[in-house]
1. Can you give me the convex hull volume of the Cα atoms of segment 47-133, divided per residue and expressed in Å³?
2. Quick check on the chain: helices-only [θ] at 222 nm, where DSSP H runs of length 4 and up contribute -39,500 (n - 2.57) each and the sum goes over total residues. Nearest 500, please.
3. Calculate one ³J(HN,Hα) per residue across segment 121-128 by plugging θ = phi - 60° into the Karplus curve 6.51 cos²θ - 1.76 cosθ + 1.60, and present them in order as whole Hz with x for glycine and proline.
4. Of the beta bridges DSSP finds with both residues in the chain, what % are antiparallel, to the nearest 5?
5. Under 8 Å for C-alpha pairs, at least 6 residues apart: give me the relative contact order for the chain, rounded to a whole percent.
6. Give the long-range amide H neighbours of residue 131: residues separated by 5 or more places, or on another chain, with amide H under 5 Å away, using H modelled in the peptide plane at 1.01 Å from N.
7. Collect residues whose amide H, placed 1.01 Å from N in the peptide plane, falls under 5 Å from the amide H of residue 122; neighbours closer than 5 in sequence don't count.
8. With a 10 Å radius around each residue's Cβ, average the other Cβ atoms per peptide and rank 101-107, 21-27, highest first.
Amino acid sequence: MERRQPWRTKGSSLAILLLILLAALTWATARNWEAIKIGIAVAFSEHRPALLRDAEWGKPETASAFHHRFPDGSSEKDLLAWLAANHFGIDQAAHRAERTVRAYPCNERIEVSWAASDGIVLQSSAEVSEGGCL
């Protein structure tokens, strides 16, 4: 009578387990392909600048992190540097800046405006709004 080697039994069991896992993964992937594509799109979308993550659409008063960083009396130079670093199109003469964040499922439009005198911010506002949805 021939005896099986214990390592062969374990190896066969492991191979069968791996095949079952691979089959389950293939089935799950095929079944959820749309969800996977959406997840990938969201993961690779642009995101708002960190100072504006708390802002709600159409409610500039909710951009509290932005207002905390650039309160009345802050440096206009610092605000302009932040806007440039975050890829805003800046119209310094009009004291306005704009940016579109290309995100999934909706793009977002960000408008920043401010009043300044002698390099000091007297008032600032940041508003996030819907910029087109799929």
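Please treat every number below as a calculation from the coordinates, not as lab data. Here the structure is a predicted model, which means the values were calculated and not measured. No Cβ is skipped: glycine too gets one built from the backbone with ideal geometry, and neighbour counts run over all protein chains shown.
1. 80
2. Estimated from H runs of four or more residues: -12500 deg cm²/dmol.
3. 6, 8, 6, 9, 8, 10, 10, 10
4. Here the share of antiparallel DSSP bridges comes out near 95 percent.
5. RCO, the chain: 22 percent.
6. Residues meeting the criterion, in which the H sits 1.01 Å from N, are 107, 108, 109.
7. 73, 115, 116, 117
8. Averaged packing, sorted descending, gives the order 101-107, 21-27.
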